[in-house]
């Protein structure tokens with residue numbers, strides 16, 4: 001195995017100069033491994049690096065990394081790591097969870113649970129290794145505008161992580177075009193130099209490309225951009241030994257008289273992703289049940305299989321009922337009006353009021369859910385699943401005198 005000292009020895013290459021070293025650092029190429037995976041033509045496009053210089057430093061880097069020799073497979077060193085998805089049955093299907101160093105694609109129709117899964121991963125990867133995590137930061141590239149601070153905060157409380165600290169470790173970029181998406185993926189390597197990132201999420205891979213490249217005449221150009229994105233993510237994953245998880249949309253295809261959903265992106269995505277999983281909602285309606293199904297579509301080393309799990313308000317789980325390790329709601333889960341109310345004089349400020357509701361008559365009633373998981377109104381017989389809905393009801397309930 002190549003030592004860390006050797007891998008970080010860019011400055012010791014024979015053809016390296018201080019100017020070129022600075023340019024490489026600005027491009028996020030900070031290790032011999034990353035340089036050795038770079039294409040000479042692409043590197044020569046950096047202003048200040050000639051084609052000959054690019055070839056020389058890349059070839060020298062490959063020599064130092066031992067990439068110019070054939071080895072017997074018994075000498076091959078693999079240092080992949082795995083972290084939990086938040087569901088034991090899904091972990092079992094994946095042989096331990098999400099793996100580093102490779103690309104995982106999760107695709108499915110709307111409401112199938114794609115964003116719910118990656119939101120959960122944003123928390124589980126922060127867990128210490130003894131609890132199934134990697135104690136790492138996250139880069140989250142949001143192309144659909146579906147990132148939710150409140151959901152992340154709830155998931156953090158479920159796993160016993162301080163919501164504010166959990167959100168601070170997620171580095172979010174909202175992108176609005178395919179070239180913006182590629183630009184932010186290229187910028188990932190600068191973040192990797194500063195923070196201990198262990199997971200990159202792109203949610204979703206094809207949303208912007210489908211919008212910009214419409215029709216068969218644009219297919220070739222779209223696939224070229226997509227291939228560039230997949231190739232770059234694969235390099236980042238392997239050279240930094242971090243996990244890359246992509247969500248993907250589906251397209252309906254016809255096979256004779258039958259129709260089925262398949263991932264968008266064609267062969268570029270199929271060949272570029274190491275693990276591919278399909279999600280499906282259970283039942284005839286997407287909102288009929290919280291139960292979901294995940295199937296191994298393609299894998300480098302997993303057997304075909306299917307597992308069932310639940311999507312919840314705090315991530316995916318084996319059980320639809322969630323037990324929170326931190327019961328108190330965080331400020332990130334409140335609306336602006338509720339934050340203002342919590343800050344009013346007379347409130348304790350310790351957050352306990354987040355578990356209480358105003359029952360009228362100048363008294364406060366502790367929130368207690370019944371067997372169905374609903375909160376009863378203290379003034380009438382109605383019950384509600386949401387505290388916010390109950391708070392809204394209490395105002396009219398008091399006005400009517402119960």
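The relative contact order of segment 82-317, computed from alpha carbon pairs under 8 Å that lie at least 6 residues apart in sequence, is 30 percent. Taking 0.36 nm per residue of sequence separation and removing the Cα-Cα distance, the residue 260/residue 71 pair yields an extension gain of 63.7 nm. Taking 381, 131, 45 as the candidate residues, the one with maximal mean-square fluctuation in a Gaussian network model of the chain, Cα springs under 10 Å, is 381.
Highest GNM mean-square fluctuation among 246, 334, 192, for the chain modelled with Cα contacts below 10 Å: 334. Candidate values (1) 41, 32, 25; (2) 31, 24, 23; (3) 45, 25, 20 were compared with semi-axes √(5λ) of the Cα gyration tensor in Å computed on the shown model; the agreeing label is (3).
Principal-axis analysis of the Cα atoms of the chain puts helix 51-64 at an angle of about 80° to the longest axis. Label-to-label distance, residue 211 versus residue 165, with points set 7 angstrom from Cα along the beta-carbon direction: 3.7 nm. Based on C-alpha pairs under 8 angstrom that are at least 6 apart in sequence, the chain has a relative contact order of 17 percent.
In this simple spin-label approximation, residue 298 and residue 224 carry label points 7 Å from Cα along the Cα→Cβ vector, and these lie 2.3 nm apart. Distance between the C-alpha centres of segment 106-141 and segment 304-322: 13 Å, rounded to the whole angstrom.
Note on residue 324/residue 150: beta-carbon distance plugged into 1/(1 + (r/R0)^6) with R0 of 22 Å gives a FRET efficiency of 0.95.
Among 249, 181, 11, the residue with the largest mean-square fluctuation in a Gaussian network model of the chain, with springs joining Cα atoms closer than 10 Å, is 11. Using 0.36 nm per residue and subtracting the Cα-Cα separation, the extra length available between residue 252 and residue 59 on full extension is 64.9 nm. When only alpha carbons are used to place a centre, segment 248-262 and segment 151-206 end up 31 Å from one another. Length, then width, then depth: along the principal axes, the Cα atoms of segment 20-81 run 42, 26, 15 Å.
None of the figures in this text is laboratory data; all of them are computed from the coordinates on show. Treat the numbers as computed from the prediction; the structure is a model and nothing was measured. Glycine gets a Cβ as well: all are built from the backbone with ideal geometry, and neighbour counts include every protein chain shown.
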